[in-house]
1. So for each of 63-73, 33-43 I average, over its residues, the number of other beta carbons within 10 Å; can you give me the resulting order with the highest mean first?
2. Taking R0 as 41 Å, what's the FRET efficiency between residue 68 and residue 29 from their Cβ-Cβ distance, rounded to 0.05?
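Nothing in this text is a laboratory measurement; each read-out follows from the coordinates by a stated rule. If you're wondering where the values come from, they're calculated on a predicted model, not measured in any experiment. A quick note on method: Cβ atoms are made from the backbone with ideal geometry, for glycine too, and the neighbour counts reach across all protein chains shown.
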Amino acid sequence: MTALLREVIGDVLRRARIEQGRTLREVSDSARVSLGYLSEVERGRKEASSELLSAICGALDIPLSRVLSNAGEDMAREEHAAFTGAGAANIDASTKVVIPQVVSMAVA
């Protein structure tokens, strides 16, 4: 199963914050968002509004468009892996399926 968009966006935001060496508290103070709520957004538990995403991106000094494009790329990779890994890879071409012949029965 592929991840939800809110989970992927949360991962992108967390990676950006960690790459900057910043704490949740620093970013939450700068974005004027509660620390607990920012944590929930990063973990993909809360669906952030566009205003909230804009505030977090502003605090991280990264464009919202970059967060969304990175999330889109991550989502595409996950969908591709799920499609090619779970579906096609588990089908063994040598497996034979026998479908029994339909027998009609007369009812008296």
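1. Numbers: 63-73: 14.5, 33-43: 17.1.
Final packing ranking: 33-43, 63-73.
2. Working: r = 24 Å, r/R0 = 0.58.
Calculated transfer efficiency: 0.95.
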